[in-house]
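S.K.: Pasting in a structure now, in structure tokens, and then I'll have a few things to ask.
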Amino acid sequence: MEKKIYEELGLVNTREMFKKAVDGGYAIPAYNFNNMEQLQAIMIACAETNSPVIIQVSKGARSYANETLLKHMAKGAVEMVRKDLKSNIPIVLHLDHGDSYELCVSCIESGFSSVMIDGSHLPYDENVALTKKVVEYAHQYDVTVEGELGVLAGIEDDVVAEKSTYTKPEEVIEFVQKTGVDSLAISIGTSHGANKFKPEQCTKNEDGVYIPPALRFDILQEIEEKIPGFPIVLHGSSSVPMEAVKIINENGGALKDSVGIPESQIRKATESAVCKVNIDSDGRLWMTAAIRKHFADSPADFDPRKYLGPAREALIIMYKSKNENVLGSAGKV
């Protein structure tokens, strides 16, 4: 095995982390970040709740932050947790929705400890071939790899799909065996972005709140029966909190028909083999809500610290709640 590049940054891969989560009936939070305040909030929240964490970036986020700076941001985040927050939580740096072999190689060489190769949009055989190629390279450096079967609808950075395609349980055994992946992202009804469902797809409760269709736990159960104990990943799992949407719209925003995945359904999924849950849109919403509220209350402010500070605090509260009340990862180090 080649040198583990990510160890120089103080990172770990997902292998042991996922095993503990599957055995313990909880999920590891996988939080996306694009800037310093988001990364600070993730680190503080997870250190204070004693939760393992996966910090992840998309291709677009890596480009936005700059790949060289991002590498040192990850190292700095680890050192902040160890030295300043006095915490020893395990931290993974993960590529979310890698779209090519070359991108995965670049991330591995710059210190990522985990990568996702998303070939779900390709024909099955091409997905297998691409995923296997990435796995063979990544495993030389003990980097873990996430593959995907099935397609999630919605928009998230460079990932765009109009319709969901549920994962076919009959394909999972062969896919896992042929590719050698360490975890598998599946499609059972979650969706990318803040506008996950149209109103006509939902029912309304007595308070007029839209309730989306239930996740396909029957598909999840069948997949678990075919690959028992294998780490399963859920993408597009933000709850899209109505409180954040309301604050945004009351302060100049124009979000419409924002419907997410009920947290109770995510918690139910984490009690099975689902051991990684991706959450991005909730962070974007709470950050935007805090910034819009600040400018509505203090329109003369122009110091970024004045509005990004409250945004960071809102994120910390949200991430801690996810760890403690939804994912069950708090105290699981």
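The values are calculated or read from the model by the stated rules, or taken from the named source; none is laboratory data. As the structure is a computational prediction, the values presented were derived from the model and not from experiment. Every residue, glycine among them, receives a Cβ derived from its backbone with ideal geometry; neighbour counts consider all protein chains shown.
S.K.: Considering only segment 100-107, I want to know if a residue exists there that is under 25 Å from Lys20 (Cα atoms) and of a type in the set (A, V, I, L, M). I'd like the intermediate steps shown before the answer.
M.R.: Start the filter on segment 100-107 by keeping residues that are under 25 Å from Lys20 (Cα atoms), which leaves none.
No, there is no match, as no residue in segment 100-107 is under 25 Å from Lys20 (Cα atoms) and of a type in the set (A, V, I, L, M).
S.K.: Does Glu313 satisfy being surrounded by fewer than 20 Cβ atoms within 10 Å (Cβ to Cβ), touching a Ser or Thr at 6+ places or on another chain (Cβ under 8 Å) and of a type outside the set (Val, Ile, Thr)?
M.R.: Details: surrounded by fewer than 20 Cβ atoms within 10 Å (Cβ to Cβ): yes; touching a Ser or Thr at 6+ places or on another chain (Cβ under 8 Å): no; of a type outside the set (Val, Ile, Thr): yes.
Answer is no for this residue.
S.K.: When only residues in segment 274-320 that are of a type in the set (Asp, Glu) and part of a helix (DSSP H, G or I) count, which is nearest to Glu263 (Cα to Cα)? Before you say what the answer is, go through the steps one by one.
M.R.: Of all residues in segment 274-320, those of a type in the set (Asp, Glu) come to 280, 282, 297, 301, 303, 313.
Narrowing the set further to residues that are part of a helix (DSSP H, G or I) leaves 282, 297, 313.
Working: Asp282: 12, Asp297: 31, Glu313: 21 Å.
Top of the filtered list is Asp282.
S.K.: For Val134, state whether it is at pLDDT 95 or above, within 25 Å of Arg62 (Cα to Cα) and surrounded by 21 or more Cβ atoms within 10 Å (Cβ to Cβ).
M.R.: Numbers: at pLDDT 95 or above: yes; within 25 Å of Arg62 (Cα to Cα): yes; surrounded by 21 or more Cβ atoms within 10 Å (Cβ to Cβ): yes.
In short, yes.
S.K.: Just for segment 22-65: of the residues that are within 11 Å of Ile91 (Cα to Cα), of a type in the set (Gly, Ala, Ser) and touching a helix residue (DSSP H, G or I) at 6+ places or on another chain (Cβ under 8 Å), which one is surrounded by the fewest Cβ atoms within 10 Å (Cβ to Cβ)? Break it down stepwise before answering.
M.R.: Of all residues in segment 22-65, those within 11 Å of Ile91 (Cα to Cα) come to 28-30, 42-43, 46-47, 51-56.
Those still in the list that are of a type in the set (Gly, Ala, Ser) too: 30, 47, 51.
Retained after the next criterion (residues that are touching a helix residue (DSSP H, G or I) at 6+ places or on another chain (Cβ under 8 Å)): 47, 51.
Numbers: Ala47: 21, Ser51: 26.
Only one residue tops the list, namely Ala47.
S.K.: Continuing with this model, one more query. Would you call Ser272 among the hydroxyl-bearing types (Ser, Thr, Tyr), touching a residue at least 24 places away in the same chain (Cβ under 8 Å), within 14 Å of Gly25 (Cα to Cα) and crowded, with 24+ Cβ neighbours inside 10 Å? Full working, then the answer.
M.R.: Numbers: among the hydroxyl-bearing types (Ser, Thr, Tyr): yes; touching a residue at least 24 places away in the same chain (Cβ under 8 Å): yes; within 14 Å of Gly25 (Cα to Cα): yes; crowded, with 24+ Cβ neighbours inside 10 Å: no.
Here the answer is no, as Ser272 does not meet what is asked.
S.K.: Okay, next question. Test Ile266 against the criterion of being within 27 Å of Val172 (Cα to Cα), in contact (Cβ under 8 Å) with a residue 60 or more places away in the chain and in a loop (DSSP other than H, G, I, E, B), and give yes or no.
M.R.: Details: within 27 Å of Val172 (Cα to Cα): yes; in contact (Cβ under 8 Å) with a residue 60 or more places away in the chain: yes; in a loop (DSSP other than H, G, I, E, B): no.
Answer is no for this residue.
S.K.: So, Lys3, is that one touching a residue at least 12 places away in the same chain (Cβ under 8 Å), surrounded by fewer than 17 Cβ atoms within 10 Å (Cβ to Cβ) and among the basic types (Lys, Arg) or not?
M.R.: Yes.
S.K.: Let me ask another. Mind listing just one residue for me: the one in segment 225-248 that is in a helix (DSSP H, G or I) and either modelled with pLDDT under 95 or small (Gly, Ala, Ser) (or both) and, of those, farthest from Phe295 (Cα to Cα)? Break it down stepwise before answering.
M.R.: Start the filter on segment 225-248 by keeping residues that are in a helix (DSSP H, G or I), which leaves 225-226, 242-248.
From the residues that got through so far, the ones that are either modelled with pLDDT under 95 or small (Gly, Ala, Ser) (or both) too are 242-246.
Details: Met242: 20, Glu243: 18, Ala244: 15, Val245: 16, Lys246: 16 Å.
This residue is Met242.
S.K.: Condition first: under 21 Å from Gly24 (Cβ atoms) and more than 20 Å from the chain's Cα centre (by Cα). Now tell me which residues in segment 218-258 satisfy that. If you could, list the steps in order and put the result at the bottom.
M.R.: First, the residues of segment 218-258 that are under 21 Å from Gly24 (Cβ atoms): 220-221, 223-225, 227-234, 237.
Across segment 218-258, the qualifying residues are Gln221, Ile223, Glu224, Glu225, Ile227, Pro228, Gly229.
S.K.: Look through segment 82-105, keep the residues that are of a type outside the set (Asp, Glu) and more than 20 Å from the chain's Cα centre (by Cα), and return whichever of them is surrounded by the most Cβ atoms within 10 Å (Cβ to Cβ). Steps first, please.
M.R.: Of the residues in segment 82-105, the ones of a type outside the set (Asp, Glu) are 82-83, 85-95, 97-98, 100-101, 103-105.
Next, from what is left, pick out any that are more than 20 Å from the chain's Cα centre (by Cα): 82-83, 85-88, 101, 105.
Working: Arg82: 15, Lys83: 9, Leu85: 14, Lys86: 8, Ser87: 19, Asn88: 11, Tyr101: 15, Val105: 17.
By that ranking, first place goes to Ser87.
S.K.: Sticking with this structure for a sec: Can you say whether Ser298 is within 18 Å of the chain's Cα centre (by Cα) and among the small types (Gly, Ala, Ser), as far as the supplied structure shows?
M.R.: Working: within 18 Å of the chain's Cα centre (by Cα): no; among the small types (Gly, Ala, Ser): yes.
The answer is no for Ser298.
S.K.: Here is a follow-up. Can we say Ala289 is farther than 22 Å from Val57 by Cβ, surrounded by 23 or more Cβ atoms within 10 Å (Cβ to Cβ), more than 18 Å from the chain's Cα centre (by Cα) and of a type outside the set (Phe, Trp, Tyr)? Break it down into steps so the answer makes sense when it comes.
M.R.: On the way: farther than 22 Å from Val57 by Cβ: yes; surrounded by 23 or more Cβ atoms within 10 Å (Cβ to Cβ): yes; more than 18 Å from the chain's Cα centre (by Cα): yes; of a type outside the set (Phe, Trp, Tyr): yes.
So Ala289 passes the test.
S.K.: Sticking with this structure for a sec: Helices (runs of 4 or more DSSP H) wholly in segment 38-145 with at least 3 residues that are in contact (Cβ under 8 Å) with a residue 40 or more places away in the chain and basic (Lys, Arg) - which ones?
M.R.: On the way: elements: 59-65, 67-79, 101-109, 124-138.
By residue number, no helices (runs of 4 or more DSSP H) qualify.
S.K.: Regarding segment 249-261, can at least one residue be identified that is under 30 Å from Thr144 (Cβ atoms) and surrounded by 15 or more Cβ atoms within 10 Å (Cβ to Cβ)?
M.R.: Within segment 249-261, the first condition is being under 30 Å from Thr144 (Cβ atoms), and the residues that meet it are 260-261.
Remaining after also requiring surrounded by 15 or more Cβ atoms within 10 Å (Cβ to Cβ): 260-261.
Checked against the condition, which is being under 30 Å from Thr144 (Cβ atoms) and surrounded by 15 or more Cβ atoms within 10 Å (Cβ to Cβ), segment 249-261 yields at least one hit.
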